[in-house]
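Input: a single structure, listed below in structure tokens.
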Amino acid sequence: MDLLTAVEKFLVACTNEINLSEKTNRAYAYDLGQFADFMQNKEMEKVDVADVNSYLSYLDDEQNLKDSTIRRKIMTLKAFFRYFISKGMIDKAPLEGVESKYKMTKNLPKILNPQDMMRLLEFLGEDVKRLEGELRPGCGRKVKLHYENAIRDRSIIELLFATAMRIGELSELNIEDLDVETGTVHIRGKGHRDRTLVLGNQGVLETIKEYLKIRRNLQGDPKALFLNRFGGRLSIFAIENLFERIRKAAGIRRRLTPHALRHTMATMLLSNGKDIQQVQNILGHSSSVTTQIYHEVTPRRQRRVLDSLNENDRLAVQTLEEAPPRRPRTIRRRRNERVIPTRPREE
């Protein structure tokens, strides 16, 4: 069987048998397509260790990929060949000893310092107030659109920070996933690990309510919570773009992604005394080993972030199993951004 045929067969199995997420399937498709192209669609049964090592050297020497990216591609190849071993189509995977060269570097999570976090939140609030002041009879659709976008964007940032959810999870949120009466949000996590969080911050809930008033009148995808300017579901790339724009507008010089909001909240939760199991459940990690890295952010950084950002009870987030339903809270926000496709990357 040639590699492209084998890849197609494997991807179908990933969807129908293994039940992997769409995002994982896309990453597999990209990695395996690249591998098949490099191998010039060689017969799968004839691929050997030397072939794989040539491919990895190409990724390292010519593509200049990071070790972590190459290791991800190796894991893709392992899953691919393991599937055909289980089907009795090959005896073993041609991957012996290929991982040892590519070390996993352990990077501490990037978190926002107190000044930048406050600058970000204050900018969002001030932007909404400024645009609200421009609303008047006959102001035109453009002014109203900018105001609605500001409400949406503020809701996005507040929700990402308050729940520590991944941007992919926020992109997949539907209107029905939010219950402002009970203050809960249902999140469809990685690996089909769903979780429901109870928000304890009244300001966040109020901001969300404000956005939902606008969302009811928007045309487009009837299910999606956050929409782009074309009425489609807001993508992770659009969320990254809007965060980058807001970061610059707020005067934050450090290069950060919206994932830093998740890291910041996780660090704060552990610093405030939540045990590792609780934080694991809130973050949706499959293993506490993944959560453990937040313990390694220095205590001084933890205390500085915590003291500056917990004045308004921002750490009051729990899984549904940990606490009874609470009274709703609010949010305000902005909206709009273009989608820029990029190739898959690991989280």
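The values are calculated or read from the model by the stated rules, or taken from the named source; none is laboratory data. Since the model is a prediction, treat every value here as computed from it, not as a measurement. Ideal geometry is used to build each Cβ from the backbone, glycine not excepted, and the neighbour counts take in all protein chains shown.
For the reader, a short list of remarks on this structure follows.
- Test for E176: is it in a helix (DSSP H, G or I), over 30 Å from R136 (Cβ atoms) and either out of contact with any helix residue (DSSP H, G or I) (no Cβ under 9 Å at 6 or more places or on another chain) or without any contact (Cβ under 8 Å) to a residue 12 or more places away in the chain (or both): yes
- Matching residues, the range 1-46, being without any contact (Cβ under 8 Å) to a residue 60 or more places away in the chain and of a type in the set (F, W, Y): Y28, F35, F38
- Within the range 202-209, none of the residues are at pLDDT 90 or above, within 18 Å of H259 (Cα to Cα) and assigned to a helix (DSSP H, G or I).
- The range 145-187, residues that are charged (D, E, K, R) and either touching a strand residue (DSSP E or B) at 6+ places or on another chain (Cβ under 6 Å) or within 21 Å of T264 (Cα to Cα) (or both): D153, R154, E158, R166, E169, D177
- Criterion applied to L170, L160, L131, L145 was being in contact with a Pro (Cβ under 7 Å, 6 or more places away or on another chain) and in a helix (DSSP H, G or I), and the one residue passing it is L160.
- Entry remark, the range 65-95: residues being among the aliphatic types (A, V, I, L, M), within 21 Å of D2 (Cβ to Cβ) and without any contact (Cβ under 8 Å) to a residue 24 or more places away in the chain number 2 in total.
- Cβ pairs under 7 Å, 6+ apart, first in the range 114-143 and free of Cβ contacts under 8 Å to residues at least 24 places away in the same chain, second aliphatic (A, V, I, L, M) and not in a helix (DSSP H, G or I): V143/L135
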